């Protein structure tokens, strides 16, 4: 840290869990601010997640369509899911890709790690590009409790869908744009 920089860290004095669910919990932290005052912070605790941009050999992105209760609509998304306790992001990415699309990635390229809403959530999302795709093994690979439709879209068209608003999911927007950038810089030499 720069010696002239102001220390902005807050010190947690106490923490109370208000709700604990299957995926997230909500806690209220009492913190001491750098100036000495106290305040509260509401935090949605989340174990972290992954998202994968599956790229076919012929330059198409595999997207999924699924209904999202919180949004109240069907959204176009890249495959994604929550980390299991102790699960490495790469292992989770492989599992989620298989469960949601029936595909395996021969290689995963890490595109970015990003906090989704650090003002109130601890969720860290790891985004990967999945290449050298093939079918996943086993008859019961895909999740039976998810209603998902898959479709493939050329990368350039997926970028247009981001720009014209057809894709409105943040992780998918970032994933498509980062995959497009990666392909422009590495596509020919590293595939």
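The values are calculated or read from the model by the stated rules, or taken from the named source; none is laboratory data. These numbers come from a predicted model, not from an experiment. For neighbour counting, all protein chains shown are included, and Cβ atoms are generated from backbone atoms with ideal geometry for every residue, glycine included.
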- Task: Considering only the range 149-177, state which residues are outside any helix (DSSP H, G or I) and farther than 12 Å from residue 78 by Cα.
- Result: 154, 164, 165, 166
- Item | Verdict on residue 57 being assigned by TED's automatic domain parsing to the domain that holds residue 150 and assigned to a loop (DSSP other than H, G, I, E, B) | yes
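Here is a yes/no grid of residues against (1) at pLDDT 95 or above; (2) in contact with a strand residue (DSSP E or B) (Cβ under 9 Å, 6 or more places away or on another chain); (3) under 24 Å from residue 161 (Cβ atoms):
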residue: 49; (1), (2), (3): yes, yes, yes
residue: 56; (1), (2), (3): yes, yes, yes
residue: 62; (1), (2), (3): yes, yes, yes
residue: 66; (1), (2), (3): yes, yes, yes
residue: 75; (1), (2), (3): yes, yes, yes
residue: 86; (1), (2), (3): yes, no, no
residue: 97; (1), (2), (3): yes, yes, yes
residue: 106; (1), (2), (3): yes, yes, no
residue: 116; (1), (2), (3): no, yes, yes
- Yes or no: residue 101 surrounded by fewer than 18 Cβ atoms within 10 Å (Cβ to Cβ) and either under 12 Å from the mean Cα position of the chain (by Cα) or within 18 Å of residue 132 (Cβ to Cβ) (or both)? no
- Query: residue 16: assigned to a helix (DSSP H, G or I), surrounded by fewer than 15 Cβ atoms within 10 Å (Cβ to Cβ) and either in the same structural domain as residue 133 (by TED's automatic domain parsing) or modelled with pLDDT of 95 or more (or both), yes or no?
  - Reply: no
